[in-house]
1. Conditions: (1) surrounded by 13 or more Cβ atoms within 10 Å (Cβ to Cβ); (2) assigned to a loop (DSSP other than H, G, I, E, B). Glu655 meets all but one. Number of the miss?
2. What's the number of the only condition in (1) crowded, with 16+ Cβ neighbours inside 10 Å; (2) within 29 Å of Pro317 (Cβ to Cβ) that Asp60 fails to meet?
3. Give the residue, chosen from Thr126, Thr74, that is assigned by TED's automatic domain parsing to the domain that holds His37, β-branched (Val, Ile, Thr) and farther than 25 Å from Tyr324 by Cβ.
4. Tell me which of these Ser116 doesn't satisfy, since it passes every other one: (1) among the small types (Gly, Ala, Ser); (2) in a loop (DSSP other than H, G, I, E, B); (3) within 21 Å of Met359 (Cβ to Cβ).
5. How do the pairs read when you match residues in region 525-544 that are closer than 20 Å to Gly364 by Cα with residues anywhere that are of a type in the set (Gly, Ala, Ser) and outside any loop (DSSP other than H, G, I, E, B), using Cβ under 6 Å and keeping only pairs 6 or more apart or on different chains?
6. Take the conditions surrounded by fewer than 20 Cβ atoms within 10 Å (Cβ to Cβ), touching a helix residue (DSSP H, G or I) at 6+ places or on another chain (Cβ under 7 Å) and without any contact (Cβ under 8 Å) to a residue 24 or more places away in the chain and apply them to Glu683. Does it pass?
7. Restricting the search to region 106-123, which residues are at positive phi and either not assigned by TED's automatic domain parsing to the domain that holds Pro94 or not basic (Lys, Arg) (or both)?
8. If I go through region 295-340 residue by residue, how many of them are in a loop (DSSP other than H, G, I, E, B), surrounded by fewer than 23 Cβ atoms within 10 Å (Cβ to Cβ) and not hydrophobic (A, V, I, L, M, F, W, C)?
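The values are calculated or read from the model by the stated rules, or taken from the named source; none is laboratory data. Quick caveat, the model's predicted, so the values are computed rather than measured. No Cβ is skipped: glycine too gets one built from the backbone with ideal geometry, and neighbour counts run over all protein chains shown.
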Amino acid sequence: MRSIYTVFVALIAVSPGLDAQVVRVDVAERVPFAGGHSFADTGPYERVVGKLYIEVDPSDPANTRVSDLKLAPTNDRGRVEVWTDFFLLKPADPARGNGRLLYDVANRGNKVALGSFNGGGGNDPTTMEHAGDGFLMEEGYSILWSGWSGDVESGNDRVQIGVPVARNADGSSIVGRIYAELESTVYGLYVANVLEPGSDAAMRRYYSLPFDWGSSRPYPSVTTENGSATLVKRPRRGAEGVEIPREQWSFGRLENGAVVPDPNRVQLDEGFEPGWLYDLVYEGKDPRVTGLGLAATRDVISFFRYGSDEEGPRTNPLAGAVEYAYGYGGSQSGRFLHHFVYEGFNADLEGRFVFDAIMPHVAGAGKGIFNHRFGQTTRHGSHHEETLYPSDFFPFNSVHQVDPVTGASGSMLDRVRASGHVPRVFFTQTSTEYWSRAASLLHTDVEGRVDAELDPSVRIYMIAGTAHNSMTGGVYQSPVNRATTRPVMRALLVALDRWVAEAADPPESRYPRIDDGTLVDLATFRAGWPDIAGAAAPEDYYQPFRLDPGPRWLTEGVADQVPPVAGPAFQTLVPMVDADGNEVAGIRLPHVAVPLATYTGWNLRDASWGAGGMLTRWMGSYLAFPRTEAERARLRDPRRSVRERYPTHDAYVAEVERACRELVAGGYLLERDAAELVREAAERSW
């Protein structure tokens, strides 16, 4: 019996059309979804799970932006081989679907879209519980996930991609210096349980830390000796660093009180100070060709969108069923979509559109380390952590801009504009992204002095009073009033589809601006922040450095300066608030427009967690109003009490209904979700 590979080569030899890069599809499972449940007019869904095998031609001009591609091994056809998992939910009867493919960019290999739009989710969507309220299915979308990040750790049903390792021309390993920031806090280590500030567990001292982050596979140290490696500690990025003598730490982990050599971890004799930053620089080898994730995503979407084969090695489960393709990504995945367009990958090998539209959600102004040697795709700058990772780099605007410090110029859309493949773009943010992810840089100059214009293809929306982790209604949300972004995201997806398919004008952008005083510097914000007991205003926020990894970074994706040299910071700004501390700009859902509390996109770390006063990366705050005038007087709270605002429960519900009507009229809320928000208000205890 011939091997699969032999059959594969034979098929290629007789099929010149296979230059479309996806050369084989292996379907491992094709079964009804959610027990065959029928979703409104769309009917039942099925799940299709398998692998795609892709060949990338290093000589094709469409692939020249992939860093290190010419150092990757090739097969007999001179092509670089890649494979990726895929997971597809599709209408069982394609004719009953809406002809739209929604590609959910996996976040560290995890599937997010069902939670963001449906309220369900899970990494192995199987049941109605995973479907949530079934919104995407009722709308008729086919929903697709595939791997793109070569450093995703296996397990937990994550989608993965197999990309090759780059090697020197003589076949030897590429060795390079790698920078890894380590931080020891419960928050930083992703411990599952949320701990009360000041608890013993929050102050637990760790003696061994991995240098991966976010379910990723780190590049191990070349050896556990690695005598040239250095470890420097500091309480915060701006403080003077102290180098730890090499004899006081090692590449290792603790097991039963003994140090076991481990090239993926650092063991420190004195233990890691909670909240402090530890800068590790070491030698690693065998960099993955990370940028192939961009090319593979292009080819995967092109295949499912345009592939016509209904049988054979390139059977397309969506053959003939896709009219439009949209990309959605939250957080890291949103940064990936931004970077995908920036690199110019929105044209396939036939010169056709890949995505008609994209929705980068809660991505701030960032792109990522997605196309670089020894790239660490999970890393991204924030107020305290990882500020030396070049995830937030110029240009930021959708129109031409100039950096007066470096002299650089351009726009994020230059490459797709040149090729004629500019997608419709909805950037959606919570207020956290203005504090911790430099979101203002999307729509101001780099000095924070003037508002920038937007390209006609771009809209920007800030959902006021929501936090980064509210995109799926996470565990940090208030039990009193859900501050999830989901209702807005559903309405905007409908609007984005109408913009693409019907040329219907989308809802107007809503975001804070310099010219109307709703986007301000920190001093102005602090002056306007109400004096709420126990709720001090932030004293600082994220302003990304102009980082210089060396002369080959922009052209080859290779860092010659490790860590990069930090230059002057870009000037970012934050949303202004009203007398209650709630934001005045953006899309104001009822929890902000008809408030019972102050909602912020920022939260300060307690000093007991280490790095006291620093912003957390993704959490917001909920500060309830006093219920009565007597309580307000006792607390000396400057904010009006609930009873002063709404004399009766019916009056409160009427105000919620009014706010919802305005949002529906503007296209920021669907009727079905408006009715749900009014119902929740009516049932809320008074």
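1. The single condition Glu655 does not satisfy is (2).
2. It fails just one condition, (1).
3. Values: Thr74 fails: assigned by TED's automatic domain parsing to the domain that holds His37.
Just a single option satisfies the conditions, and that option is Thr126.
4. (2)
5. Taking only residues 6 or more apart or on different chains, the pairs are Tyr542/Ser436; Gln543/Ala569.
6. Numbers: surrounded by fewer than 20 Cβ atoms within 10 Å (Cβ to Cβ): yes; touching a helix residue (DSSP H, G or I) at 6+ places or on another chain (Cβ under 7 Å): no; without any contact (Cβ under 8 Å) to a residue 24 or more places away in the chain: yes.
So Glu683 fails the test.
7. If the condition is that a residue be at positive phi and either not assigned by TED's automatic domain parsing to the domain that holds Pro94 or not basic (Lys, Arg) (or both), then Gly109, Gly119, Gly121, Gly122 are the ones that fit.
8. To start, the set of residues in region 295-340 that are in a loop (DSSP other than H, G, I, E, B) comprises 307-323, 331.
Remaining after also requiring surrounded by fewer than 23 Cβ atoms within 10 Å (Cβ to Cβ): 307-323.
Within this subset, residues satisfying the condition of being not hydrophobic (A, V, I, L, M, F, W, C) are 307-317, 320, 323.
Residues meeting the conditions: 13.
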